[in-house]
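Enquirer: The structure that follows is given in the form of structure tokens.
Rule-based calculations on the coordinates, nothing more; no lab input. Predicted model only: the values in this text are computed from it and were never measured. Cβ sites come from the backbone with ideal geometry, for glycine too, and all protein chains shown count toward neighbours.
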Amino acid sequence: MSGVSRETSERLTAFAALVRKWSPKINLVAPSTLDDLESRHIADSEQVFHVKHSPWRTWYDFGSGGGFPGIVIAILAKEQMPGGHVTLIESDRRKSTFLRTAIRELDLAAAVVSQRIEAVDLPSADVLSARALAPLDKLFGLTQRFAHSDSVYLFQKGRTWQDEVNLACQEWSFTHDVVQSKTSQDAVILKFKEVTRA
């Protein structure tokens, strides 16, 4: 959580406290990762925000779960991307309740949609993100209808990312960049544009 203002740092700390309070009841993150929440989940989510340097107005985070990266994106955007709005799409009702509580208590420009992605009806967004949600080819199938011609997809992937890209190439056409994760040697952030069915 380096390089942020005191106000943003305080919000990130308050969010971590909320996750620790709620997680034992609804399993927001794996219990084994609660002790290193800041380095394991928050820092991991922060870096996604910084991959998208240019201005954006709308950001959809799919399968938001415990708010990673969606809530962290909204916290950073409050100061660094004024006018930006984050929509968190999460079908689990209990997790959605947690996300709404975090948004309210941290005063964020964000909203929660408690539906399965397939049922969501929203206009296109500038940025689409997901963390550990589904294989890449399936992710494109779920999210591509929410993109416009300049949309950027930011997907966090683990050590099998290259296999997923190769498989996705069979059904999809896209341009992409690979950004090495700062929190795990095995992880990357895949940045896609111009995603269309092949």
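Enquirer: Return the sequence-ordered ³J(HN,Hα) values of the range 138-153 in whole Hz as given by the Karplus equation 6.51 cos²θ - 1.76 cosθ + 1.60 applied to θ = phi - 60°, using x for Gly and Pro.
Expert: For the range 138-153, the Karplus curve yields 6, 4, 4, x, 7, 10, 4, 6, 8, 9, 10, 5, 10, 5, 10, 9 Hz.
Enquirer: Just tell me which lysines come within less than 23 Å, Cα to Cα, of Lys138; anything on the same chain fewer than 8 places away is out.
Expert: Filter leaves Lys52, Lys95, Lys157, Lys191, Lys193.
Enquirer: At 7 Å along the Cα-to-beta-carbon direction for both Ser32 and Lys138, put a label point, then send me their distance in nm to one decimal.
Expert: 2.2 nm
Enquirer: In a Gaussian network model over the chain where Cα atoms closer than 10 Å are linked, find which of Val165, Val188, Val152 has the largest mean-square fluctuation.
Expert: Val165
Enquirer: Another one. Calculate for the chain the 222 nm mean residue ellipticity that helices alone would give, adding -39,500 (n - 2.57) per DSSP H run of length 4 or more and normalising by residue count, nearest 500 deg cm²/dmol.
Expert: -11000 deg cm²/dmol
Enquirer: I would also like to ask the following. What is the distance, in nm, between label points placed 7 Å from the Cα along the Cα-to-Cβ direction at Leu167 and at Ser39?
Expert: Each label point lies 7 Å from its Cα, and together they span 3.1 nm.
Enquirer: Oh, and also: Stretch Glu118-Glu194 to full length: gain in nm at 0.36 nm per residue minus the Cα-Cα span?
Expert: Stretched fully, the Glu118-Glu194 segment lengthens by 25.3 nm.
Enquirer: Okay, moving on. Reported to two decimal places, what Rg/Rh ratio describes the range 6-197 when computed on Cα atoms with Rh from the Kirkwood expression?
Expert: My calculation of the ratio gives 0.94.
Enquirer: Can I ask one more? Mind ranking 43-49, 29-35 by how tightly packed they are, going by the mean number of other C-beta atoms within 10 angstrom, highest first?
Expert: 43-49, 29-35
Enquirer: Just grab the label-to-label distance for Ser91 and Ser9, each label 7 Å out from Cα along the Cβ direction, in nm (one decimal).
Expert: 4.1 nm
Enquirer: Kindly identify the range 99-158 as rounded, prolate or oblate by the Cα gyration tensor criterion: order the square roots of the eigenvalues as a ≥ b ≥ c, call it rounded if a/c is under 1.5, otherwise compare a/b with b/c, prolate if a/b is larger, else oblate.
Expert: Here the range 99-158 falls in the prolate category.
Enquirer: Here is a further query. For the range 6-197, what is the percent of antiparallel DSSP beta bridges, rounded to the nearest 5?
Expert: Taking every DSSP beta bridge with both residues in the range 6-197, the antiparallel ones total about 40 percent.
Enquirer: Convert each backbone phi in the range 69-80 into a coupling constant with the Karplus relation 6.51 cos²θ - 1.76 cosθ + 1.60 (shift: θ = phi - 60°), then list the ³J(HN,Hα) values in order as whole Hz, x for Gly and Pro.
Expert: So the J values, rounded to whole Hz, are x, x, 5, 4, 4, 5, 5, 5, 5, 3, 9, 9.
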